[in-house]
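Working notes, beginning with the structure itself.
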Amino acid sequence: MTPRWIVPIVAALALGISVSAQAATVEISMENLEISPAEASAKVGDTVRLVNKDDFAHTATARNGDFDMMIPPKKTVSMVLKKAGKVEYYCRFHPNMKAVLNIVP
Amino acid sequence: MFVRLSAAIAAVSLISGAAFAAGPTDPQIAHIAYTAGTIDIAAAKQALSKTSNKEVKAFAQDMVRDHEAVNKKALDLVKKLKVTPEDNDTSKTLQKNASAKLEELSKLKGAEFDKAYIANEVAYHKAVDNALETTLIPSASNAELKSLLETGLKIFQGHEQHAEQVASELK
C-alpha cells in the first residue's frame, strides 16, 4: 500500500513539472572514472553541470559531435542543451568512461 | 617457475607474480606502480620531442598529465602511510626493459616512430593492467593503497583504449 505521505509529494511533483516552463539543472558527476548517472534525462534549455571530482582531467565528448567539453580536475563545467536527441558521450582521455544523455524537446 | 616463461613475456610475467613467492609487499607494490608510471612519462616525453603527428602528441600529453597525477597521489599516500617504496627485481626489470625500448624507439623517425610508440603504449598498458588485476591489487594489504591501484587500473584501461584508437587512426 502506498503510504499516505507519498500522495501529496507525488501530486506536488506532477504539478511542479506540468506548470513549470523553467529550465532545470541536471548534475552529472565524474568520480573514480565513472560517469554518474550513466543515463540522464533533460530537456532542451536545461543546464547540465558536469562535476569532475577526480584529480584527473576528463572530457564529455558527444559521439555525434554535438558537444566536446573539457573538465579540469576538481572543476565543474556547465552547458545549456540546445538540441534534442539521445546523445552518447564519453571521455576522450579515458574512453572507458561512457554515458548517455536523453534530451527531450 | 621461470623455465615456463618465454623471453618475450618475461617482463609481463615478472610483474604478474613469478618474481614473488608470496606476492609482493605493499612497499614493493608502491615502488612497482610508481616505476610503471615514470616509465610511461619518459616514453611520452620522448614522443613529444620526436612526433609531429597531432593525435600522437595529444595522446603523449595525456599520458604525462595523468601519470604525473597518479604518481603524485601515490607519493602523497606513501607519505601518509609512512611507507618507504622498496626497490625490487620487478621494478628493476621494468626499468631495464623500458630503457631498451627508449633506445630502440630513438632510432625511428616520423610515421615509423609514431606507429612503434603507440603500439608499445597499447602493449605496455595491457601488461600493466594485467599485472594490476592479477597481482598488485590482490596482493595489496592496505585498503587505501588497494583503492589507489584500482583507480590506477581504470585510468590505465582508459589509456589502453585511447592508445588502440590512436593506433587504428595511424593505419
Residues meeting the amide H criterion for A:LYS98 (H placed from the backbone, H to H distance under 5 Å, 5 or more places apart or on another chain) are A:ILE35
Loop GluC sites (Glu not before Pro), the range B:44-150, which have at most 16 other Cβ atoms in a 10 Å radius of their Cβ (DSSP)
B:GLU86
Globularity index of the range B:25-170, i.e. its alpha-carbon radius of gyration over 2.2 N^0.38 Å:
1.04
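State, to one decimal in nm², a quarter of the convex hull surface area for the C-alpha atoms of the range A:23-104, i.e. the direction-averaged projected area. Don't jump to the answer; show the numbers that get you there.
Details: hull surface 17.2 nm².
Result: a mean projected hull area of 4.3 nm².
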For the range A:23-104, what relative contact order do you get, as a whole percent, if you take Cα pairs closer than 8 Å and at least 6 residues apart?
33 percent
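Report the net charge of residues surrounding B:GLN61, where surrounding means a beta-carbon distance below 15 angstrom and charges are Lys +1, Arg +1, Asp -1, Glu -1.
Working: positive: A:ARG92, B:LYS45, B:LYS50, B:LYS54, B:LYS57, B:ARG65; negative: B:ASP40, B:GLU55, B:ASP62, B:ASP66, B:GLU68, B:ASP114, B:GLU121.
Every neighbour counted, the sum reads -1.
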Considering amide H positions built from the backbone, and no H for Pro or chain starts, which residues 5 or more places from A:THR59, or on another chain, come under 5 Å of its amide H?
A:ILE71, A:ARG92, A:PHE93, A:HIS94
Here the relative contact order (percent) of the range B:33-171, from C-alpha pairs under 8 Å and at least 6 apart, is 31 percent
Lys and Arg at +1, Asp and Glu at -1: add these up for the other residues within a Cβ distance under 11 Å of A:LYS98 and post the number.
-2
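Can you give the calculated 222 nm mean residue ellipticity of chain B, where each DSSP H run of n ≥ 4 adds -39,500 (n - 2.57) and the sum is split over every residue, rounded to the nearest 500 deg cm²/dmol?
Numbers: 6 runs with 125 residues, N = 171.
That comes out to -25500 deg cm²/dmol.
What net charge is computed for the residues neighbouring A:ASN64, neighbours being all others with C-beta under 12 Å from the C-beta of A:ASN64, Lys and Arg scored +1, Asp and Glu -1? Can you show the working numbers first?
On the way: positive: A:ARG63, A:LYS83, A:LYS86; negative: A:ASP66, A:ASP68, A:GLU88.
Combined, the nearby Lys, Arg, Asp and Glu give 0.
Throughout, read-outs are computed from the coordinates displayed, never taken from laboratory work. These figures come from a predicted structure and were not determined experimentally. Ideal geometry is used to build each Cβ from the backbone, glycine not excepted, and the neighbour counts take in all protein chains shown.
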